[in-house]
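Here's the structure, in structure tokens; my notes come after.
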Amino acid sequence: MTETTKTKFEFKAETKKLLDILVHSLYTSREIFLRELISNSSDALDKLRFESNKGTDIADKELPLEIRIDFDDKKNLVTITDTGIGMTRDEMIANIGTIAKSGSEEFLKQLAENKEAVNNIIGRFGIGFYSVFMVAKEVVIKTKSFKKDQNAVEWKSDGTGDYEISDLTEEIKRGTTIEVYLKDDAKEFAEKYRLEGVIKKHSNFISFPIYLKDEKVNTIAAIWREPKSSIKKEQYDEFYKFLTYDNEEPLETIHSSVDAPIQFNALLFIPKKSYEFWRFNRDDYGLDLYVRRVLIQHQNKELLPEYLSFVKGVVDSEDLPLNISRETLQENIIFTKISQSITSNVLSHLTKVAKDNPERYADFWKEHGKIFKLGYMDFSNMEKYQSLLRFNSSESKDEKELVSLEDYAGRMKKDQKEIFYALGASREAIDMNPHLEIFKSKGLEVLYLYDPVDEFVVTSIRKYKDFDFKSVDAANLKDIEKLEDVVKDEEPKEKLSKEDDKAFGRLMLKMKEILGDRVTEVHESKRLKGSPATLINPDDSMSSTMQKILKMSNQGLAMPAQKRLMEINKDHKLIINLVSVFKKNENDQFIVDTTEQLYESALLLEGSLDDPHKLVNRLNKMLTEASDLYRKNNE
Ligand code: ADP
């Protein structure tokens, strides 16, 4: 080796920080370093096989594709060797010397929250290799690229401040060898039984042979190609954990073998826990696509629509060409057919769970419902999609109880033609919405939508069977009034006399005058039972939630304020009192204040009051006046 080729590099600050933690403070789950190194070897072998299938001219073509693990308990040394694609000097610097900043930052953040989680999370951040420093005092990598005429290179580091790269003069074949010089307290990893145990536990499903000192250790081949009847639940679970690094068993396992018209095997899983948690890493989803047991693409994102992206697993087909390029996959008609078929399989499976085991379906919905709802654009599976949707409704006992559209339709009143829904921030908020009062008294069920995406769902799908979705603030009251009351109202203690009725009419004109252009009209209400006033949308205008969304996405741009219609409940005590004040003095300031307050309270309730200052000041003023009266009455 000549000195001129030797170059020293310093680790980047964030890498140092990461290494420091790996080296000094992680003592549990240290065995996973081997899983990470084997997984890197397996990736390198997959990439080589891919190149070879493409017909690329490859160095040392005759080498078998395999991983060999050796150990020396005298030297406290473990070596992992693969015959994969290897690395050139430049690739070495790019791949091993630096880590994506975001990767290490996120990793450290997650780790700060839970040190035990290292096992599950380390592989997700593109920093798997560094886990070797949990057990190593020095690591040497020797590698030679599959590209012809490239020098073999060596990388050396003790995992503290820097690393060194030099050209190798000794002859090596294509692939990578990693020499791990173990720390004194990690000697156990230079023992056969320990290594064997770790490989079987974490790397049993690697699709290349793993030899431990010439003895093949991994035994399980492509489990997805085996007949269902021959596989035990434990094997499925083990494979799932291998695939996802999840500690828990999957919620659902869907194994299908299809022979005609297109042959493929698919082994899919639905995790118990949502990976939303990992969603900062937006790319961490997709199915592994194999052609005749050869991995063509890790985490393919087109096999399933995005709304089913919580599904993990593998798909393997005999019918796709081995040399298919990732870019043209989507245009391949066989690929499209497979994709349609597995999408439909997943939906059918969910439908079956929903029917046979509603509790398990509720668990599924709680974790994955948020993503699933995004399927409102999947027109080809609309019927299944709709039957799988769940909502909360006025019929639910609590926030947890879910209602399907089928449940709703089964409870509809005779002649009811629409499915009513109300939007709001929470179940409690919707429950207090004045618009719901008439629905309650008529016993009409209302879907409670409090996930922002829910409104997109109902406005996009528009109909369930023959029933249109209708927001409670846009419902046609004439039809609803005709229905019989199921909850009898208490007769109001005091009612307006005929003469007062006329004054009430004039009061409403006055209120319109006070509110000016902010409302289209002030009307007597038919829907209110317990509230004095509410705002409704003139026909066919946007719902208030939709306006809010537009407003948010339009930040900075002025949105013309939507004019609303104000409805007044003349049986309400406040309004009865107001009529009497009005009869004495039509220009009493109290009428102005109360009208403004009713208007702003209604805006506040639906969440569209922009500035609360005026409302609070006015309220304080009115409370002061009320307290004066109260004090006087009690003196
Ligand atoms: P990740 O594997 O998640 O990308 P790692 O830190 O484990 O992150 O590895 C970084 C990169 O180093 C890999 O993406 C790969 O390009 C390269 N690499 C690691 N091990 C090998 C190997 N045995 N053969 C070829 N390249 C490797």
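Assess whether F208 counts as being within 15 Å of the ligand (Cβ to nearest atom), assigned by TED's automatic domain parsing to the domain that holds I80 and of a type in the set (F, W, Y).
Considered against the rule, which asks whether it is within 15 Å of the ligand (Cβ to nearest atom), assigned by TED's automatic domain parsing to the domain that holds I80 and of a type in the set (F, W, Y), F208 comes out as yes.
Being among the aliphatic types (A, V, I, L, M), out of contact with any Pro (no Cβ under 9 Å at 6 or more places or on another chain) and either away from the ligand (no atom under 14 Å from the Cβ) or touching a residue at least 24 places away in the same chain (Cβ under 8 Å) (or both): is that true of I67 here?
So I67 does not fit the description; no.
To keep it simple, each residue is scored yes or no on (1) within 21 Å of R462 (Cα to Cα); (2) out of contact with any His (no Cβ under 9 Å at 6 or more places or on another chain); (3) assigned by TED's automatic domain parsing to the domain that holds S460.
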{"residue": "Y376", "(1), (2), (3)": "yes, yes, no"}
{"residue": "K384", "(1), (2), (3)": "yes, yes, no"}
{"residue": "L402", "(1), (2), (3)": "yes, yes, yes"}
{"residue": "Y408", "(1), (2), (3)": "yes, yes, yes"}
{"residue": "R411", "(1), (2), (3)": "yes, yes, yes"}
{"residue": "K417", "(1), (2), (3)": "yes, yes, yes"}
{"residue": "F420", "(1), (2), (3)": "yes, yes, yes"}
{"residue": "G424", "(1), (2), (3)": "yes, yes, yes"}
{"residue": "A429", "(1), (2), (3)": "no, yes, yes"}
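Does region 183-205 include one or more residues that are more than 23 Å from E62 (Cβ to Cβ) and either part of a strand (DSSP E or B) or assigned by TED's automatic domain parsing to the domain that holds F269 (or both)?
No, region 183-205 contains no residue that is more than 23 Å from E62 (Cβ to Cβ) and either part of a strand (DSSP E or B) or assigned by TED's automatic domain parsing to the domain that holds F269 (or both).
Yes/no per residue for (1) within 30 Å of the chain's Cα centre (by Cα); (2) without any contact (Cβ under 8 Å) to a residue 24 or more places away in the chain; (3) surrounded by 15 or more Cβ atoms within 10 Å (Cβ to Cβ); (4) not in a helix (DSSP H, G or I):
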position	(1), (2), (3), (4)
E401	yes, yes, no, yes
Q416	no, no, yes, yes
Y421	yes, no, yes, yes
L447	yes, no, yes, yes
S460	yes, no, no, no
K478	no, yes, no, no
E481	no, no, no, no
E484	no, no, no, yes
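Does region 126-140 hold any residues that are within 8 Å of the ligand (Cβ to nearest atom) and hydrophobic (A, V, I, L, M, F, W, C), and which are they?
Answer for region 126-140, where residues must be within 8 Å of the ligand (Cβ to nearest atom) and hydrophobic (A, V, I, L, M, F, W, C): I127, F129.
Determine, yes or no, whether F50 is assigned by TED's automatic domain parsing to the domain that holds V180 and either among the aliphatic types (A, V, I, L, M) or away from the ligand (no atom under 14 Å from the Cβ) (or both). Working first, answer last.
Numbers: assigned by TED's automatic domain parsing to the domain that holds V180: yes; either among the aliphatic types (A, V, I, L, M) or away from the ligand (no atom under 14 Å from the Cβ) (or both): no.
Spelling it out, it is not the case that F50 is assigned by TED's automatic domain parsing to the domain that holds V180 and either among the aliphatic types (A, V, I, L, M) or away from the ligand (no atom under 14 Å from the Cβ) (or both).
Taking region 238-265 on its own, how many of its residues are part of a strand (DSSP E or B) and within 22 Å of E367 (Cβ to Cβ)?
Adding up the residues that qualify gives 4.
Which one of F9, F33 is surrounded by fewer than 19 Cβ atoms within 10 Å (Cβ to Cβ) and not acidic (D, E)?
Checking each option against the conditions leaves just F9.
Looking at (1) within 15 Å of the ligand (Cβ to nearest atom); (2) outside any helix (DSSP H, G or I); (3) out of contact with any Lys or Arg (no Cβ under 6 Å at 6 or more places or on another chain), can you tell me which one R30 breaks?
Result: R30 fails condition (1) only.
Say whether the condition of being buried (at least 19 other Cβ atoms within 10 Å of the Cβ), more than 24 Å from the chain's Cα centre (by Cα) and not aliphatic (A, V, I, L, M) is met by at least one residue in region 356-370.
no
Of A409, A425, which residue is aliphatic (A, V, I, L, M), part of a loop (DSSP other than H, G, I, E, B) and in contact (Cβ under 8 Å) with a residue 40 or more places away in the chain?
Being aliphatic (A, V, I, L, M), part of a loop (DSSP other than H, G, I, E, B) and in contact (Cβ under 8 Å) with a residue 40 or more places away in the chain holds for just one of A409, A425, which is A425.
Out of the residues in region 219-237 that are in contact with a Phe, Trp or Tyr (Cβ under 8 Å, 6 or more places away or on another chain) and not in a helix (DSSP H, G or I), which is modelled with the highest pLDDT?
Result: A222.
Of E164, E154, E179, which residue is within 16 Å of the ligand (Cβ to nearest atom), at pLDDT 90 or above, over 20 Å from I38 (Cβ atoms) and touching a Lys or Arg at 6+ places or on another chain (Cβ under 8 Å)?
E154
Under 6 Å by Cβ, and 6 or more places apart or on different chains, what pairs join a residue from region 198-226 that is within 20 Å of V294 (Cα to Cα) with one that is assigned to a loop (DSSP other than H, G, I, E, B) and among the basic types (K, R)?
From residues that are within 20 Å of V294 (Cα to Cα), the pairs are A222/R293.
Which residues, taken from region 79-98, are buried (at least 22 other Cβ atoms within 10 Å of the Cβ) and more than 8 Å from the ligand (Cβ to nearest atom)?
T83
The values are calculated or read from the model by the stated rules, or taken from the named source; none is laboratory data. Just so it is clear, the structure is predicted and the values come from calculations on it, not from any experiment. No Cβ is skipped: glycine too gets one built from the backbone with ideal geometry, and neighbour counts run over all protein chains shown.
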